[in-house]
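Coordinate-derived values only; no laboratory data. Note that the structure is a prediction, hence the values are computed from the model and not measured. Counting neighbours? That spans all protein chains shown, and the Cβs are built from the backbone with ideal geometry, glycine included.
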Amino acid sequence: MARILLADDSELIKSTLKLYLSKEKHLVYTAEDGAVAIEIFKKERPDLVITDIIMPEVDGFEVMKYVKENDPNIPVIMITGVGDTESTIKAIQEGAYDYIEKPIDVTRFNQVVKNAIKSKELSEQLAVSLSKEEEEEFRGKTSLVGSTPIMKEIYKSIGRISSSRITVLIQGDSGTGKELIARMIHNSGITKGQPFIAVNCSALSESLLESELFGHVKGAFTGAVRNKKGKFELAGKGTIFLDEISEISYDLQVKLLRVIQEKEYERVGGETTVPLEARIITATNKNLSTLVDDGKFREDLYFRLKVFNITAPPLRERREDVPALVIHFVKKINKELHKNVRKVPFEVMEMLQEHDWVGNVRELENTLMQAILLSKSDVIEPDNILLKKSGKINSSNETDMYNYNRNWSMSELEKFHIENVLNETKGNKQRACKIMGISKPTLYYKLNLYGISLRTGKDKNPD
Ligand SMILES: Nc1ncnc2c1ncn2[C@@H]1O[C@H](COP(=O)(O)OP(=O)(O)OP(=O)(O)O)[C@@H](O)[C@H]1O
Ligand SMILES: [Mg+2]
């Protein structure tokens, strides 16, 4: 049973809806105008407000504004005219929990009311509730989050090595935070303030990678029209981070070994040697020692790289860190997406803590981003969490990996599909358009309509 305030100037709609709601055992207060609704609201503090938009004196937007200012936890459902997309969009933008279109479909009406009441209940059983101040204190911090013993060991390691330029190898599954660890090492000690240069070794062909790393002199090869500094040189006295080191060719392995041993190198086509000053950090999500056993990676190089070894643990081995990570990401994502989700119910936190997170911290972050986009209020609801099923992933049918929700409207489904395809194409819009069979302007329109923002950083691809 919930206490519901219903405002509509149409006697027919009011009495019909009241009938439906009473059948579900709810207690209903009715108002024929916004002004009356606000008076009742002040006195009764209902659990839910349902209001028409156009009313004679004070309209539905005014009612919602009053409710949101006085108790943002109380969900407001708006009744919109058929095809009135403008008001619908405005209603959602201004914080309506949901809307119901006239003529009213009973099944949808009941479902929306049920969801709204559930949302109100959830917002009273919170694992996390951030205050506005707490939310705003997030300033794009890039430090590692976690206080489990495994993470504490990593902090200790970082402390131990950051005052020297010792070579470090970071191993761990995809999304476990290897790059973040590398950045922490860089920022915590003598390399702080110096350049941090990251190179993804799998992204470039062998010949390109060599000149990318060591630079080249004018005329070294066709296309080398001027001298170019390599990443080692650009890193100066800072850090060069070689990501996916397992992917470099045998020849390049030999060259890299020489650089580490001699502490100097030559630019491609050049004759003078350049001293190596930067610290080398490498990372891989493969098991390098197995690759060595299989003859795919040079053993001598492997030993040179792992002078100091750090293993980033899978998230499922440090589940106790999930709540702290959730708080961290909710703040971060709010900032990025201009949202203000502040509440995470126990039920949701449990789901997140129990999940197996094959994609580790990155998957948790992406899941929260999706949840925050789907969330209709300042609460993350269980339905907003789309988890990949654990176990063997059927790659021929990617959507099987998600708990697709049968209660979705067509537009929620469309948004979900667009996000998945963009994920699949790593943000490449051209390929995404081709897969979905739509034009670029249509895609841009829909991105805007659904508030989908593409990930920045290394996932971002040019059009
Ligand atoms: N301990 C952590 N605290 C806060 N954020 C984290 C943590 N670990 C990872 N992240 C975040 O998760 C995302 C993935 O991390 P990162 O890119 O460092 O992973 P990775 O191990 O390099 O993955 P890959 O092998 O796929 O390159 C990033 O957005 C990073 O900021
Ligand atoms: Mg990485």
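For segment 1-97, run through the trypsin sites (Lys or Arg not before Pro) and keep only the ones in DSSP coil with at most 13 other Cβ atoms within 10 Å of their Cβ. Write down the numbers at each step before the final one.
Details: sites: R3, K14, K18, K23, K25, K42, K43, K65, K68, K90; in loops: K25.
Here the sparse-neighbourhood loop sites are K25.
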When K156, K343, K429 are arranged by how many other beta-carbons sit within 10 Å of their Cβ, fewest first, they go K156, K429, K343
Evaluate the Kirkwood expression for the hydrodynamic radius of the chain, namely the inverse of the mean inverse distance over all pairs of different C-alpha atoms, and round to one decimal in Å. 25.7 Å
With R₀ set to 35 angstrom, the calculated FRET efficiency between the beta-carbons of D294 and L454, to the nearest 0.05, is 0.40
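Once you've got the Cα coordinates, tell me which of K102/K332; K120/K332; K18/K332; K296/K332 are over 32 Å apart. List each step's numbers first, then the result.
Working: K102/K332 38 Å; K120/K332 24 Å; K18/K332 42 Å; K296/K332 40 Å.
Among K102/K332; K120/K332; K18/K332; K296/K332, the Cα-Cα distance tops 32 Å for K102/K332; K18/K332; K296/K332.
Using a 10 Å cut-off around each Cβ, can you sort C201, C433 from fewest to most neighbouring Cβ atoms?
Details: C201 22, C433 19.
Fewest-to-most Cβ neighbours within 10 Å comes out as C433, C201.
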For segment 181-260, listing trypsin sites (Lys or Arg not before Pro) in a DSSP loop whose Cβ sees at most 10 other Cβ atoms within 10 Å gives R226
Asserting the computed 222 nm helical MRE of the chain (DSSP H runs at least 4 long, -39500 (n - 2.57) per run, divided by residue count, to nearest 500) equals -13000 deg cm²/dmol
Which FRET efficiency value, to the nearest 0.05, do you get for L208 and T442 by plugging their Cβ-Cβ distance into 1/(1 + (r/R0)^6) with R0 = 30 Å? 0.25
Filtered GluC sites (Glu not before Pro), segment 240-283: DSSP coil and at most 12 other beta carbons within 10 Å: E271
Dipole of segment 167-306, Cα-centred, from +1 at each Lys and Arg C-beta and -1 at each Asp and Glu C-beta, to the nearest 20 debye? 540 debye
Mean Cβ-within-10 Å packing, highest first, puts peptides 119-126, 310-317 in the order 310-317, 119-126
Specify which residue in the list L256, V358, N420 is farthest towards the positive end of the charge dipole of the chain, using unit charges on the beta carbon of Lys, Arg (+1) and Asp, Glu (-1), about the Cα centre. L256
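What fraction of the DSSP beta bridges in the chain is antiparallel, stated in percent and rounded to the nearest 5?
Numbers: 8 of 45 bridges.
If I count the DSSP bridges inside the chain, around 20 percent turn out antiparallel.
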Need one number: nm distance between label points at R319 and S163, each 7 Å from Cα along Cα→Cβ, rounded to one decimal. 3.9 nm
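Want the number for D9 to T85: 0.36 nm per residue separation, take away the alpha-carbon distance, what's left? The partial results should precede the final answer.
Details: separation 76, 0.36 × 76 = 27.36 nm, distance 2.07 nm.
Computed gain between D9 and T85 is 25.3 nm.
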